[in-house]
1. Mind sorting 67, 34 by how few other Cβ atoms lie within 10 Å of their own Cβ, fewest first?
2. Could you work out the equivalent-ellipsoid semi-axes for the stretch 37-139, taking the square root of 5 times each eigenvalue of the Cα gyration tensor, largest first, in whole Å?
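Bear in mind that the values in this text are calculations on the coordinates, not laboratory data. None of these values were measured; they are calculated from a predicted model. For neighbour counting, all protein chains shown are included, and Cβ atoms are generated from backbone atoms with ideal geometry for every residue, glycine included.
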């Protein structure tokens, strides 16, 4: 009975807990994390809507640029974020822009220039009606 082996120690496999995955950094130094909308211009040097409409560097040109229209849209979006009616994220702003495009009857095949002008006019209208409602509430007593 000298050849009998009673038990041998069995090692349990080592399980490594998976921690949060590291953020991938692209070659241009940007991370894969979506920045808040209000911080976007400070990080990239241009408003988010310039990238959304793919306007390139010519959006600020005095002749044929969209600086005024983009400014109108940007101020409207910022005011809605500051009022708490929209989240401070790029995805929430994209959804807001899509809703405005739909109300303005901007077709997907329509040129970006026409979309932007229609949307800016609609947002100006919204701002005026908001001011009327605010003044009515303020001075109605």
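1. The most exposed by this proxy come first: 34, 67.
2. Output for the stretch 37-139: semi-axes of 23, 17, 14 Å.
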